[in-house]
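Notes follow once the structure below has been shown.
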Amino acid sequence: MKGTIHYCLEGTIIKNHGEKAWQNCMKAAGLPSDYTYITKIRDDIDEKESINLFVTCSKSLNIPLTELFDQFGAYWCCHYAPEIYAAFFVGIKSTKNAITKLDWVHDRVTRHIPNSNPPRFIYNWLNDDKLQLTYQSERGLIDLFISLIKGLNTCFKDTCRITKNSPTQLILEFGDDITQTELIDLTS
Ligand code: HEM
């Protein structure tokens, strides 16, 4: 997985828990405590090691993995991506706008990066405000995907209802009648 994810995780932990907590995470991961991913944004980092890093950090921080995903989603959408990938945000005013561009953006951003293997998203609009969204990735990170959608809502002060139908499929409902972000997990 591209090191941009790891560098964003580093920023997420430093912002939410402080420098010392990041140093402890690095030690728990078997890396030097002053380790940083700043120079590794475009590098390929081993897939297993990448997913393990989230797990190791959540244990070191003593928070559930889903909480770390939520913190990552908010940091990615509100701080990291608007700074590093500012062009993506031009003209985007809502979660619905952003989601609609998501597949294009992953394809576009990673097309020229050798060995990248971005997630892909398949859209099936059931009506103007109801989207059946299929997440395609061998990494199986649908819960991280959900946290990133919540992050978009935080960033745009928006709301939507997210129904997790399966490890690869969500239903997203937008509209004025949905006044807070809701997650309905039909898999648990
Ligand atoms: C400016 C916006 C964005 C850019 C440039 C971007 C780019 C990337 C890149 C480079 C990766 C790593 C891919 C790889 O290692 O091959 C990634 C992973 C991922 N992105 Fe995005 N992303 C953006 C926004 C989002 C948003 C808003 C969501 C969800 C709402 C999202 C969902 C994901 C997920 C779930 C992964 C984890 C990898 C996987 O599941 O296979 N991304 N993204």
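The values are calculated or read from the model by the stated rules, or taken from the named source; none is laboratory data. In this text, all values refer to a predicted model and were calculated from it rather than measured experimentally. Note that we place each Cβ from the backbone using ideal geometry, even for glycine, and neighbour counts take in every protein chain shown.
For the reader, a short list of remarks on this structure follows.
- Cross-chain or 6+ apart pairs with Cβ under 8 Å, the range 51-64 first and among the polar types (S, T, N, Q), then crowded, with 18+ Cβ neighbours inside 10 Å: Thr56/Cys25; Ser58/Leu68; Ser60/Cys25
- Close pairs from the range 1-27: first in a helix (DSSP H, G or I), partner among the basic types (Lys, Arg), Cβ under 7 Å, at least 6 apart: Gly3/Lys40; Gly3/Arg42; His6/Lys40; Tyr7/Lys40
- If you check Phe88, Phe121 for being closer than 24 Å to Thr181 by Cα, touching a strand residue (DSSP E or B) at 6+ places or on another chain (Cβ under 9 Å) and within 11 Å of the ligand (Cβ to nearest atom), only one passes: Phe121.
- If you go through the range 86-100 and pick out every residue that is surrounded by 14 or more Cβ atoms within 10 Å (Cβ to Cβ) and either in a helix (DSSP H, G or I) or not hydrophobic (A, V, I, L, M, F, W, C) (or both), you end up with 9.
- Among the residues of this structure, Ile45 counts as one that is modelled with pLDDT under 95, surrounded by 14 or more Cβ atoms within 10 Å (Cβ to Cβ) and aliphatic (A, V, I, L, M).
- Cross-chain or 6+ apart pairs with Cβ under 9 Å, the range 113-142 first and of a type in the set (Ser, Thr, Tyr), then part of a helix (DSSP H, G or I) and more than 8 Å from the ligand (Cβ to nearest atom): Tyr123/Thr100; Tyr123/Asp103
- In the range 67-112, the residues that are touching a residue at least 24 places away in the same chain (Cβ under 8 Å), over 26 Å from Asp129 (Cα atoms) and in the same structural domain as Ile142 (by TED's automatic domain parsing): Val109, Thr110
- Residues in the range 130-174 that are in a loop (DSSP other than H, G, I, E, B), in contact with a helix residue (DSSP H, G or I) (Cβ under 9 Å, 6 or more places away or on another chain) and under 22 Å from Lys93 (Cβ atoms): Asp158, Thr159, Cys160, Phe174.
- Note on the range 36-63: residues that are of a type in the set (Gly, Ala, Ser) and more than 17 Å from the chain's Cα centre (by Cα) amount to 1.
- Hits in the range 124-139 (condition: surrounded by 11 or more Cβ atoms within 10 Å (Cβ to Cβ) and near the ligand (Cβ under 8 Å from one of its atoms)): Tyr135, Ser137, Arg139
- Residue, farthest from Thr168 (Cα to Cα), within the range 101-118, restricted to residues that are near the ligand (Cβ under 7 Å from one of its atoms) and part of a loop (DSSP other than H, G, I, E, B): Ser116
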